[in-house]
Each structure stands twice: as structure tokens, then as C-alpha cells.
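Every number in this text was worked out from the coordinates using simple rules, so none of it is lab data. Everything quoted here is computed from the prediction, not taken from an experiment. Reconstructed Cβ throughout: ideal geometry from the backbone, glycine too, with neighbour counts over all protein chains shown.
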Amino acid sequence: MRQKLVAGNWKMHGSLSENRALLGELRAALADVRNMACAVCVPFPYLAQAQDVLTDSAIAWGAQQVSEFAKGAYTGEVSASMLLDFGCRYVIVGHSERRALFGETDQVVAAKFVAAIGAGLTPILCVGETLSEREAGMAESVIARQLDAVLNVAGMSGIARAVIAYEPVWAIGTGKTASPEQAQAVHAFIRQKLAVLDMEIAGRMIILYGGSVKAANAAELFSQPDIDGGLIGGASLVADDFVAICKAAQF
């Protein structure tokens, strides 16, 4: 049986005081969580705080992106080795906001993926289609293209060291959610695509759903056979909601 994972993406939210309260609540409430993993991906300035509060807890932490470069004259970038200095386990790669707002191409995402696994981080590789792409019947071809860009440079051995997150772009921050059946169909497609290359790796691949997951719909989504947890946005900023989502993944 695959392990479940619930990872919170705080995006550009938080302050030192707000974070300390939220992280403290999460640490206490999830101390007895079993048979699944929890993580929070916080903005770069708060990684030291997350490390301080969450060390020796049941919650891992990570970053929201990483540079494809190891070091050098890249002002404003943060390398994978720097993330390791702050105890990060995970890093989100290829989030739809990075692709759409900051122009990250499939090739850039693939380079960042390789940098992350090369340093020993676990990338959370985001793939997903826009509303127009879904309505045009292109969802599977878009996701296949995004996966192929990574497979071409990292292979299945690289994918095996990662987590995949399906995030329908039309369901992020909109209040819309893919139905459990819609989400399951895409997750099954991803797993089947990987199974053509390596059935064993595909079978144990953790594939998260990220698209307006809430406490109210988490259990139904997570009960689908190919949905192994969630990449949680806004609900990860509310302790009670995030705890409820994490605990829904235990069943």
C-alpha cells in the first residue's frame, strides 16, 4: 500500500508571529498521526523558523521552488544545497503559478527537478491543465508533455525519487474542485503512463491532488484508488482545516 502524503503550500503568506502560532498548533495536533506523512512548504524567509519549530515533530518541511543552478551569479535565486542547510525534505517544482506568472517552461521545470533530486531533495512535481485545455480535450496531452519533459532528462529512476501532484489549474484558488471521478481519471492516466515504462515504480508512485481541497471533500478525494493525498493551498493556512485534511488521509 502506498503511503499517503498531505503537503501544505503556503504560497506568499505568513509572518513570524502568525507562523509560530500555526506551526505550533500543527505540531501539537498532528503529533499522533499514523500511516501517512505531513509537510508544509513555506516561503524562503521562513525556512529557518519552520526548521526550529518542526524539528523532531511528525511534520516535514520544504520550499516552494528551487533554482536549476547550483551556485553563481544568479541574484535572487536559491539553490538546492541552500535548502538542505535548512533541513528541507521537499521542494515544489513546476507549480502552475510558476509556469504561468514567471514563465517557467517545461524544460526549466525539468532542470529544477534534476537539481532537486541531485541534492537529495524530494521534488513535488506539479502537472495540470488550464480550463481552456480541458475544454479542448487536451488535458491528457498537456500532462503527458509536462511529464515527458522530466522523463527525458531524469528518467524513471529520477521520477521514482519524487512525488507528483496533479493540479487542474482551473480548480486552484477558484473554489472549484474536480469531482473525485474527474481527479481519479487523471491520476489513473498518470500512473498508467508511468507503468508503460516501469510498472513497479508506477505502482508505488505517490500522486497528490491539488485543487481546492478542503476538510469537507478530502476524505472522498483521498478514497479514490490512485489519489494518494493532497497538495493543499489556502486550507493549509488554517490549522483546524489542515489537520482535518491530514487525518482524512489516514483512512
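If each DSSP helix of 4+ residues adds -39,500 (n - 2.57) and the sum is divided by the residues in the chain, what number results at 222 nm, nearest 500 deg cm²/dmol? Working shown, then result.
Values: 11 runs with 114 residues, N = 251.
Theoretical 222 nm ellipticity from helices: -13500 deg cm²/dmol.
When a footprinting reagent is the concern and you count Cβ atoms within 10 Å, what order do S96, S223 take, fewest first? The partial results should precede the final answer.
Details: S96 21, S223 12.
So the ranking, lowest neighbour count to highest, is S223, S96.
Can you give the charge dipole size of the stretch 1-90 about its Cα centre, rounded to the nearest 20 debye, using +1 on the beta carbon of Lys and Arg and -1 on the beta carbon of Asp and Glu?
300
Once the Cα gyration tensor of the stretch 191-235 is diagonalised, what are the square roots of 5 times its eigenvalues, in whole Å and ordered largest first, as equivalent ellipsoid semi-axes?
Working: eigenvalues 121, 20, 9 Å².
With the √(5λ) rule applied to the stretch 191-235, the semi-axes are 25, 10, 7 Å.
Looking at G175, H95, S141, which one has the Cα that reaches farthest to the positive end of the dipole of the chain (charges on Cβ: Lys, Arg +1; Asp, Glu -1)?
Toward the positive end, the furthest listed residue is H95.
For the chain, modelled as a GNM with alpha-carbon contacts under 10 angstrom, which of T75, T130, T174 fluctuates the most?
T75
Exactly which trypsin sites (Lys or Arg not before Pro) in the stretch 115-210 are in a DSSP loop and have at most 12 other Cβ atoms within 10 Å?
Taking the stretch 115-210 and a limit of 12 other Cβ atoms within 10 Å, the loop trypsin sites (Lys or Arg not before Pro) found are K176.
Identify which of V186, V153, V196 has the largest mean-square fluctuation in a Gaussian network model of the chain, with springs joining Cα atoms closer than 10 Å.
Its mean-square fluctuation being the largest, the pick is V196.
Considering only DSSP states other than H, G, I, E and B, which chymotrypsin sites (Phe, Trp or Tyr not before Pro) in the stretch 4-110 qualify as loop sites with at most 12 other Cβ atoms within 10 Å?
Answer by residue number: Y74.
Which number gives the lysine pairs in the chain that have C-alpha atoms under 24 Å apart and are eight or more places apart or on different chains?
Pairs that pass both the separation and distance tests number 13.
Where the centre of each part is set by its Cα atoms, how far does the stretch 181-251 sit from the stretch 1-70, in angstrom?
That distance is 18 Å.
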